[in-house]
Amino acid sequence: MRILNWNLEFAPPASPRGLAIAEVIQERDAEVVCLTETHEHWSMHGGHWIWAERDYGYEQRGDRRKVGLWSREPWTEVDPVGHPDLPSGRFVAGTTETSIGPLRLVGVCIPWRAAHVSTGRRDRSPWEDHVTYLRALAERIPTWLEGPPLVVTGDYNQRVPRRHTPAAVHEELDRAFTPLDFVTAGPVPGLDAPVIDHVAVGPALGARSVEGISRMVDGRRVSDHDGVVVDLVAG
């Protein structure tokens, strides 16, 4: 089962940047796609979208969404909240059928270190919303593992293993994701730096292959993030 995960830096779908991204996504032919910092009207030629809530704490601009999940098949058990302590607009989850059976997908956009520090509400200290988000996930992940095989994917705003992030903050990530395996940890084939857009899976799943998607397309930077494509297998 192929999953694609990419932060699009709010590229408008009809812009040259958006059209180049759309071509890359279609070429990868994934069954499930997670897009972060994107637009609600992103075209995938069919299939089914679920979205995080609109309000992510900053000024609303058109149809921007912090995270969305797309599947070829319909979604059930859709949850745009996850946990009452999660910062709003940065979470969506659902269950969908895939070629390896039903999966529970959780799409995340974990706040970056400066969320609401010097912009937005300006009422946070560095890493505060990030740590709040991780602690809420730590409470929920064990319950999600009781259902269908679990995939948590999106923008984590941390590299794995740790690079640059304060040790105490990275420990929160380790604590939250202890039951899961980061299949995108370390070097990713096709990229020259580790990613912060990850795919983490429960014990019922593994990765047959991992491939990077460069932020550069035909010499043009189309996003400020590199993406990933992962082929998952059961067992």
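The values are calculated or read from the model by the stated rules, or taken from the named source; none is laboratory data. Just so it is clear, the model here is predicted, and its values are computed rather than measured. A quick note on method: Cβ atoms are made from the backbone with ideal geometry, for glycine too, and the neighbour counts reach across all protein chains shown. For the accessible areas, the whole protein counts, side chains as well, though only heavy atoms, and no ligand, DNA or RNA atoms are used. Shrake-Rupley method; radii C 1.70, N 1.55, O 1.52, S 1.80 Å.
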Descending packing, highest mean Cβ count within 10 Å first, for 88-97, 104-113, 67-76, 170-179 is 104-113, 88-97, 67-76, 170-179
Given 0.36 nm per residue, what is the gain on full extension from SER125 to HIS164 after removing their alpha carbon distance, in nm? 12.3 nm
Part-to-part distance (alpha-carbon centres) for the range 170-235 and the range 142-167, which is given in Å: 10
Accessible-area ranking of SER223, SER209, largest first, probe 1.4 Å: SER209, SER223
Where a ≥ b ≥ c are root eigenvalues of the Cα gyration tensor, a/c under 1.5 meaning rounded, otherwise prolate if a/b exceeds b/c and oblate otherwise, the range 50-164 counts as prolate
So, for the chain, what is the accessible surface per residue at a probe of 1.4 Å, expressed in square angstrom? 43
Arrange the peptides 198-207, 45-54 so that the one whose residues have, on average, the most other Cβ atoms within 10 Å appears first. 198-207, 45-54
Calculated from DSSP helices alone, with each H run of at least 4 adding -39500 (n - 2.57) and the total divided by the residues of the chain, [θ]222 nm to the nearest 500 comes to -5500 deg cm²/dmol
